[in-house]
Structure formats: C-alpha cells, structure tokens
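What follows draws every value from the coordinates through simple rules; no lab data is involved. Here the structure is a predicted model, which is why all the values come from computation and not from measurement. Glycine gets a Cβ as well: all are built from the backbone with ideal geometry, and neighbour counts include every protein chain shown.
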Amino acid sequence: MIKLILASQSPRRQALIQLVGYPYRSMAADVDEGSIMHPDPAVNVVQTAQLKARTIARQVHGDTAAGNHTLLVAADTTVALGSQMLGKPAGSASALQMLYALRDRTHEVHTGLVVADLADRREVGGTHTAVVTMRDYSQQEVEAYVASGDPLDKAGAYAIQHPTFRPVARLDGCYLGVMGLSVCHLLQCLIDLDVPVAADLTALEQAHQGYPCPIYKDVLAKLA
C-alpha cells in the first residue's frame, strides 16, 4: 500500500495533496527555518524543504513495516521581489507593506519540494519558480484584505486563490505551486521514484482555475 506523509499542517497543502490520490497523514515539521541562510531564494526553499523532510524522516523511520510503501513530502514557499525574500508577515503592518510593494509589479514565487522514499532512502525534488504579476489594487481593497486576517499566514501576504481580493493579474507557472504545493511537480517526482500515478488528472487540471500549467503538460507527456 502506498501512503504519503506530508511534512506540514498547512490546510492549503493538506487540501492540495489530496489531489495526488493516495492516502496521507500530516505531521508538523518542528524546524528552525531561519537556520537556512542561503541568499538565493530558489535554493533556500529547497534546502528548507530538505530540512523538514529529514527531520520528519528521523521520527518515522519504522513506518515502512507491514508492506507499506511510504513516501515523505515536504515543501517550502517564498515570494521574491528582486533580491528580497518575503516570507509570512509579522503582523498587519508588515502585510500592508508587502502588498503595497508587490502592487502592479512582477515577482517570483519559489516553491521547493522534496519527496523521500522511506523504503530505499531515495530522495528527489527541486524548486518550481512561477512568475507572478499583481494587479493595481486600491488602498481600500488592501486594507479590507489585511483586516480579514487572510494574509497573515502566507508568504508575501497574499493568497492567489482568495475569492474576492484576487490579487494576481498574470501568472506564468503552476498555480498550485503559488498556493504552496505544486501537485504537478509532486507527480513528476513520484514518476521519477517509479510510483504509479493515481491522481484524477481532470480534477487536477480544474484545480488550476484556468491558468495554464507547463508542468501539468510535462506530466501528461510522461504518461503518454
């Protein structure tokens, strides 16, 4: 039986990993993310994901018993505006500052992913980078969004999927990666680990909310 362990208790990542089609459980990765100091955000996120994965792997090393094929999934996301990495805001003032800095500008969202096979210790992964252009939202819109509390647990202080704020004008990359877990990238990793794809590909395509995903196309090509 194939099972997944998600090294996160993020509600968004838990919702997204269900698209993979395998049973999963989530575990909080109690790590010091600040210990990862690499200045390149694309490297920083995958090193942080590795830290999470290896921390959880030490706790569940016996989880391969009774015929279970267990894979560990860890991810980390950051928003990069030029050379500046924007993590989760410290509070409302920080969220406002981030959103004003991003307004009507283009930035990058880096999502690092690590998938570890606990049976044979193979590990694959990497970083997906999406290029995001924000719309020119108004001061009133920003203040109302921050007052809702939604930005406070999100890198860059926004959710691409927010139903009313809708901050993004253009996206080049995986919509789900901007949400925090590129399921398309995860499927690529599972294929590389010789794990059968169990995802409902129609549901996965619909989850992108109409944004074309180049990784999704690559997955289809691998399965053809």
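Just a few scattered comments:
- 222 nm mean residue ellipticity, helices alone, for the chain (DSSP H n ≥ 4; -39,500 (n - 2.57); rounded to 500): -10000 deg cm²/dmol
- In sequence order, calculated HN-Hα J values of region 208-214 (Karplus, 6.51, -1.76, 1.60; Hz; x Gly/Pro): 7, 6, x, 7, x, 10, x
- Calculated from backbone phi, Karplus (6.51, -1.76, 1.60) coupling profile of region 22-27 in Hz, x at Gly/Pro: 10, x, 9, 9, 10, 9
- Net lengthening on full extension, Ala169/Gln59 (0.36 nm per residue, minus Cα-Cα): 35.4 nm
- Cβ-derived FRET efficiency at R0 45 Å, Asp32 paired with Leu201, nearest 0.05: 0.75
- Gyration tensor verdict on region 43-129 (Cα atoms; rounded if a/c is under 1.5, prolate if a/b is larger than b/c, oblate otherwise): prolate
- From the Kirkwood radius over Cα pairs of region 2-223, Stokes-Einstein at 37 °C and 0.692 mPa s returns a whole-number translational diffusion coefficient of 184 µm²/s.
- Dividing the mean sequence gap of close Cα pairs (under 8 Å, 6+ apart) by how many residues region 2-223 holds gives a relative contact order of 21 percent.
- Calculated FRET efficiency for the pair Gln18/Arg135, C-beta based, R₀ 25 Å, to 0.05: 0.25
- Set of lysines with alpha-carbon distance to Lys52 below 27 Å, sequence-local pairs under 8 removed: Lys3, Lys88, Lys154
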